[in-house]
Amino acid sequence: MQKTQGYLAGQLLVAMPQMQDPRFARTVVYLCAHSAEGAMGLVVNRLLDGITFPELLDQLGIEATPVCDRIRVHLGGPVESGRGFVLHSADYLHETSMLVEDGVALSATVDVLKAIAGGGGPRDSLLALGYAGWSAGQLDAEIRENAWLNVPADPSLLFGRDLDHKWEQALHKLGIDFAALSADAGHA
């Protein structure tokens, strides 16, 4: 899959310190889609409070196995918070999976949940409820206003379990010390 010139699908967005929206402060968002029509991504460093994977499976009528206890449910974003997505390695592909880039795919059917619950499914995965969405030109404008930086995704940032430090790790990958960043846009 070729990268569309000027678009950031397959990249991580890293919120700048001056991000005022509390839903996105200190977040890392994986961009699943980005085009002239808009963008869609999943926050990869926040957990959803109040529901576990076994509880989610129970609501869907899927039997949980012991492997399910270690799977965490992420808050993918503020849009359609009842809708589930699994971001995963491309070693598992269902006919409805969307290949994003660089061996990463997105699935939004219960088939992937059944495969994960059964101990199969993708090698790496991240389950999220909700997503982050931007209308045409909105994300591009936010990037021009210095609300976001982008960094290439890698498996450790995308699927790593250390959520408390993903934001700093993403900045570090760019060679940036987050303590040195100004909270005021346009100031050094």
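Some notes on this structure:
- The range 38-91: number of residues that are among the polar types (S, T, N, Q), in contact with a helix residue (DSSP H, G or I) (Cβ under 9 Å, 6 or more places away or on another chain) and over 25 Å from residue 151 (Cβ atoms): 2
- Residues that are closer than 15 Å to residue 41 by Cβ and exposed (fewer than 15 other Cβ atoms within 10 Å of the Cβ), drawn from the range 85-104: 98
- Residue-level check: of (1) more than 15 Å from residue 129 (Cβ to Cβ); (2) under 13 Å from the mean Cα position of the chain (by Cα), residue 75 misses just (1).
- Candidates 121, 82, filtered to the one that is surrounded by fewer than 16 Cβ atoms within 10 Å (Cβ to Cβ) and at pLDDT below 90: 82
- Some residue of the range 15-30 being surrounded by 15 or more Cβ atoms within 10 Å (Cβ to Cβ), more than 20 Å from residue 170 (Cβ to Cβ) and modelled with pLDDT of 90 or more: no
- Count of the range 85-118 residues which are part of a strand (DSSP E or B), at pLDDT 90 or above and either out of contact with any Lys or Arg (no Cβ under 6 Å at 6 or more places or on another chain) or farther than 19 Å from residue 157 by Cβ (or both): 11
- Looking only at the range 55-74, residues that are assigned to a helix (DSSP H, G or I), surrounded by fewer than 16 Cβ atoms within 10 Å (Cβ to Cβ) and touching a residue at least 24 places away in the same chain (Cβ under 8 Å) come to 2 in all.
- Total residues in the range 38-54, condition at pLDDT 95 or above, assigned to a loop (DSSP other than H, G, I, E, B) and either aliphatic (A, V, I, L, M) or loosely packed, with under 14 Cβ neighbours inside 10 Å (or both): 1
- Test: residue in the range 140-154 that is at pLDDT 90 or above and under 26 Å from residue 57 (Cα atoms): no
The values are calculated or read from the model by the stated rules, or taken from the named source; none is laboratory data. Computed from a predicted model, the values in this text were never measured in an experiment. We place every Cβ from the backbone using ideal geometry, glycine too, and count neighbours over all the protein chains shown.
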